[in-house]
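A quick write-up on the structure given underneath.
Any read-out appearing in this document is the output of simple, stated calculations on the displayed coordinates, not a laboratory observation. Note that the structure is a prediction, hence the values are computed from the model and not measured. As a convention, Cβ positions derive from the backbone with ideal geometry for all residues, glycine included, and neighbour counts pool all protein chains shown.
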Protein chains: 2
Amino acid sequence: MKLLIIGGVAGGASAAARARRVDESAEIILFERGEHISFANCGLPYHVSETIPDRDSLLIVTPARFKARTGIEVRVRHEVTAIDPDAKTVTVIDLAKGSRYTESFDKLILSPGASPIRPGIPGVDDPAVTMLWTLADMDRIKARVDAGIRRAVVVGGGFIGLELAECLRDRNVDVTLVEMAPQLLPPLDPEMTAPLADEMERNGVRLLLGAALSAIRRTTLPDDSGTAELTVELADGRSFPADLVVLAIGVRPNSELAVSAGLATGARGGILVDERMQTSRPDIYAVGDAIQVSDSLGRPAQIPLAGPANRQGRIAAGNALGGTETYRATFGTSVLKLFGLTAAATGASEKALKLAGAPYEKIYLNPFSHATYYPGAQMMHLKLLFSREGRILGAQIVGRDGVDKRIDVLATAMQAGLTVYDLQALELAYAPPYGSAKDPVNFAGFVAVNVLSGKSNPAHADALPPDALLLDVREPVEFELEAIPGARPMPLGTIRDRLAELPRDREIVAYCAVGIRGYLAERILKAHGFEARNLSGGITTWKLFRAGGG
Amino acid sequence: MKLLIIGGVAGGASAAARARRVDESAEIILFERGEHISFANCGLPYHVSETIPDRDSLLIVTPARFKARTGIEVRVRHEVTAIDPDAKTVTVIDLAKGSRYTESFDKLILSPGASPIRPGIPGVDDPAVTMLWTLADMDRIKARVDAGIRRAVVVGGGFIGLELAECLRDRNVDVTLVEMAPQLLPPLDPEMTAPLADEMERNGVRLLLGAALSAIRRTTLPDDSGTAELTVELADGRSFPADLVVLAIGVRPNSELAVSAGLATGARGGILVDERMQTSRPDIYAVGDAIQVSDSLGRPAQIPLAGPANRQGRIAAGNALGGTETYRATFGTSVLKLFGLTAAATGASEKALKLAGAPYEKIYLNPFSHATYYPGAQMMHLKLLFSREGRILGAQIVGRDGVDKRIDVLATAMQAGLTVYDLQALELAYAPPYGSAKDPVNFAGFVAVNVLSGKSNPAHADALPPDALLLDVREPVEFELEAIPGARPMPLGTIRDRLAELPRDREIVAYCAVGIRGYLAERILKAHGFEARNLSGGITTWKLFRAGGG
């Protein structure tokens, strides 16, 4: 058995290591175009900030050590330029020597990854314009920061752009973040990204949403006057000085090699594989950012994430060596640290559900990370999407402490096929420093089931019934501080005595701070024959919509 | 509909609130013997330490506020002394007035809770001996600490005893903790509690395991010389001075009222209920610490936890008002903060599986809380118990950061019926500050599946094959620092070249730091025809057994 693996980072390195564990005697050769295998690409921004001070710690395993442990032949700076699926050979260029040779295979695993998209605008090739994808990119950015640049423009509000913006601020660089969409972090729905925009601005990032880059121009530097080297121009005519521009607007799959070899690819360029990670040719497998996957709705998607790439690598290796392992969907479970915030998502967003034409229900909650009587409890914003049958379709959480835990529990529940009914009954670990006797995940179940059972008819801040009476059921001191314009105050504890003051010919939308008292008010009003709804998530969620462009 | 609820803390308060949400018009009366309803009993130790400075924050809702919001009649300091299930009445004593009356019901929910066990030894009734179960208990302890006592003896190494020991140390009290069992925290297996004992001693708690209390004697105080008021005597003859003794040796269900009314109870005194929380009498439900539940193995158990009590209360209320909701098992998912440590468990322990005669496999892992190249990654000790079919039977984790997240994910997976095969594929949220591309939960799946598939035959530190060769496959520098006595060093990277040095007539147990390199060594050795095993969890887990009384 001779197994070749093309690409030595996440998916390829995982495939190689697994292949050796499965088969001690197979001949395995790993080709990597770059200098490093298995480097920590998710850690790149944090070396720029010196959060990770030691660059070497990003090199998880050196080719020499990997070879010593696995007996796998690792060929770095060797680029595979062609595959002959019929002859079962690949053509390789030794980049150091400039020589070319052919290598045969019994099985081949492709893990060529993705490449950052470089927009076709003037100035994009200026040496002070870079991506953040490789160690060399990181070194280039860090060298500029170490040299004392003052102003950076980061283009793109996805994971890498946001992480880098934070890391540059940590180094006291003035940062402008430019994002073409009207929101940050595309996996989330717009209203859920409002706290991210706040957090950016609170930490001194100038944020330009809905702003399209049109050109990057080199400034003529008259002298050492401190004038920036570059001017970043936007389509709306605005321009900003910059000493460094980093483009992080997305990636495209590196599928050229596969296409040349006649392997089938999808509409977005990803290599097509079956559930065994096999391409359209039987002895060739593909994994990682370069392949097309099914998302949680069963739709074709490109989802470049490290966790799925690693698992796909394991599975491809197992199958290449005779196993029968399968990969299902990529749920897109992801998490971001942004200064003091954590934002996380799993499954489908509301945007994605609308796009797919899939029916859904949604609820918002604003629970605390742990029992509020124990110090340090922090509010999180939680959005749950589910079907009328109770199937969990997606979840998004933004907050501080405890966000990563709840998204992982919800991701596990969703992948296990649990329903919102099951969420009510989940027995999670409770002690005051860690959670609540009714965990936010249980609460999400309670609220969702109330919606499905008809006990609650949620109103949403992005679609308030126009003629409804907005009833603020909080205490007077809360109402005086801040209320939704046009709302009438009637504290929850007084409603039963003041029913006569309420209209019977008009819908009433009750609201409170986070949605709990509003629901109790809804229940009381309905029991007395009123047409009532509860504003999901209360004024807290309403404010996300106001702030976030919902 | 007239619903009476007896007991106003966790289960009773949850039942009352839910009942009102379900039925706005029902007449609901909540009886509570004490002064408070719905107080935060899990927070009591933390007010002693002043971590929770404001005592009032433990009173989650006052009877007056609860009544205003729910319209439920709350009768505190009213004790129900008898139930007549045939006449459907209860006898109540108004403790303030000393008067007695009868109240009729259509449906009755019992949530009488549990009471701390008071051992039958001399001196247990001394006023300086207390429990920690009620707000009054807490006030008594805190008053003594505020008055400047120097020495406390805490009896019992369960959740409350451990939390209180920490909280007393936070107030600079000398603490001796006495536990009759040879280990702390009974839901965990002995070896997993070793880090807890270390943490206690590191924080200045004198720990006496396997020590039985025999008497508490009042010391004759000759003068103001600082002599302690009490002497705590152990069965082995040792004695310790104490200004305060707190007994936290466990609780027993408050089922006397139920027994008097002829309701069926279990062998350990818990009220018997069906899956709808109904007792042996159709219109009477029971919830919380007073009832017998099924544990994760389907065996009868008393499991006093706040989360299950709350859920049972919700379900009983729903069913009392005509619903059909069911409660399954109590998995015993629990978590403890102990100084800087977190210890958590879900499902069955190895002890419990042995006792039940249930076959099981076990593995140990020592993964990090997040990517090790990102600062702050902390090792956790993880034990997973599973069946030959891959069913998850239980999990225990002890560590610092990230323990509560992983136990909740494993608890969710177990309750969803996921297998260890499924754990491999769980797509959890990864970014360097939060986890790893292969999360500890995924890793637990990988290792368990390797065991089930026969790829790995784990050896365990509590049952090392007596004649095996122990092969230390770490680097020389690690071996020199500390090794298992009798082990032979052979770094992983050298094994393939040194096979001739190894015996073919004797089992080889490879080990490394945490079990990963040991597994690679096992795979290499097996591929070359050796009889090899991997020491599960490596020397790290071996040390837990040495330290912990395994």
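The mean count of C-beta atoms from other chains within 10 Å of the C-beta of residues in A:408-420, rounded to a whole number, is 6.
Sorted shortest first, the distances from the B:Glu482 label point to those of the same residue in the other copies are 5.1 nm; each point sits 7 Å from Cα along Cα-to-Cβ.
Computed extension gain for A:Asn172 through A:Thr324, at 0.36 nm per residue and net of the alpha carbon distance, reaches 49.5 nm.
Need one word for the range B:129-249: rounded, prolate or oblate. Basis is the Cα gyration tensor (sqrt eigenvalues a ≥ b ≥ c); a/c below 1.5 gives rounded, then a/b vs b/c decides. Taking the square roots of the gyration eigenvalues as a ≥ b ≥ c, the range B:129-249 is prolate. Phi angles of the range B:302-314 translate, via the Karplus equation with coefficients 6.51, -1.76, 1.60 and θ = phi - 60°, into HN-Hα couplings of 10, 10, x, 9, 5, x, x, 4, 4, 5, 4, x, 4 Hz per residue; Gly and Pro are given as x. When the alpha carbon gyration tensor of the range B:285-370 is reduced to an equivalent ellipsoid, its three semi-axes come out at 29, 18, 11 angstrom, largest first.
Roughly how crowded by other chains is peptide A:399-407, in terms of the mean Cβ count from those chains within 10 Å of each of its Cβ atoms? It would help to have the intermediate numbers written out before the result.
Numbers: counts 0, 0, 0, 2, 2, 10, 9, 3, 4.
Partner Cβ neighbours, averaged per residue: 3.
Indicate the gyration tensor shape class of the range A:1-122 (rounded, prolate or oblate), computed on the Cα atoms with a ≥ b ≥ c the square roots of the eigenvalues: a/c under 1.5 is rounded; otherwise a/b larger than b/c is prolate and the rest oblate. Working shown, then result.
On the way: a/c = 2.10, a/b = 1.33, b/c = 1.58.
Judged from the Cα gyration tensor, the range A:1-122 comes out oblate (a/c at least 1.5, b/c at or above a/b).
Between copies, the label points of B:Arg218, set 7 Å from Cα on the Cα→Cβ line, lie 9.3 nm apart, reported in increasing order to one decimal in nanometres. B:Thr494 label point (Cα plus 7 Å toward Cβ) to equivalent points in the other copies: 8.3 nm, shortest first. Diffusion coefficient of the range A:458-548 by Stokes-Einstein, Kirkwood radius over Cα pairs, 25 °C, 0.890 mPa s: 193 µm²/s. Between the beta carbons of A:Arg400 and B:Ala215, assuming R0 = 51 Å, the FRET efficiency works out to 0.55 to the nearest 0.05. Label zone of A:Ala96 (point 7 Å out along Cα→Cβ, amide N under 19 Å): in the range A:5-20 this covers A:5-9.
Near the amide H of B:Val154, within less than 5 Å, lie the amide hydrogens of B:Thr176, B:Leu177, B:Val178, B:Val246, all on another chain or at least 5 residues away, with H placed in the peptide plane. Karplus-based coupling profile of the range A:357-364, in residue order and whole Hz: x, 8, x, 7, 10, 9, 9, 10, with θ = phi - 60° in 6.51 cos²θ - 1.76 cosθ + 1.60 and x standing for Gly or Pro. Helices in the protein assembly as shown, meaning DSSP H runs of at least 4 residues, each add -39500 (n - 2.57). Divided by all residues, the mean residue ellipticity at 222 nm is -8000 deg cm²/dmol. In percent, how large is the relative contact order of the range B:129-249, given Cα pairs closer than 8 Å and 6 or more residues apart? Averaging sequence separation for qualifying contacts and normalising by length gives 32 percent for the range B:129-249.
Summing +1 for each Lys or Arg and -1 for each Asp or Glu, what net charge is found among the other residues whose Cβ lies under 15 Å from the Cβ of B:Phe530?
The answer is +1.
Looking at the square roots a ≥ b ≥ c of the eigenvalues of the Cα gyration tensor of the range A:340-452, which shape do they give, rounded for a/c under 1.5, prolate if a/b is larger than b/c, or oblate? Prolate, since a/c reaches 1.5 and a/b exceeds b/c. Inter-label distance, B:Lys354 to B:Ser57: 4.2 nm, where each label sits 7 Å from its Cα along the C-beta direction. Once the chain from B:Asn457 to B:Lys67 is taken as fully extended at 0.36 nm per residue, the excess over their C-alpha distance is 134.3 nm.
Between B:Ile109 and B:Leu4, B:Ile5, B:Ile6, B:Tyr285, the built amide H atoms are under 5 Å apart, and every one of these is 5 or more places off in sequence or on another chain.
How long are the three semi-axes of the equivalent ellipsoid of the protein assembly as shown, in whole Å, if each is the root of 5 times an eigenvalue of the C-alpha gyration tensor, listed from largest down? Can you show the working numbers first?
Values: eigenvalues 542, 312, 151 Å².
Calculated on Cα positions only, the semi-axes equal 52, 39, 27 Å.
Less than 5 angstrom separates the built amide H of B:Glu507 from those of B:Leu469, all sequence-distant by 5 or more or on a different chain. The alpha carbons of chain B stretch over 90, 66, 42 Å along the principal axes, in descending order.
Here the Karplus curve 6.51 cos²θ - 1.76 cosθ + 1.60, taken at θ = phi - 60°, turns the phi angles of the range B:101-107 into couplings of 8, 10, 10, 8, 9, 8, 9 Hz, with x standing for Gly and Pro.
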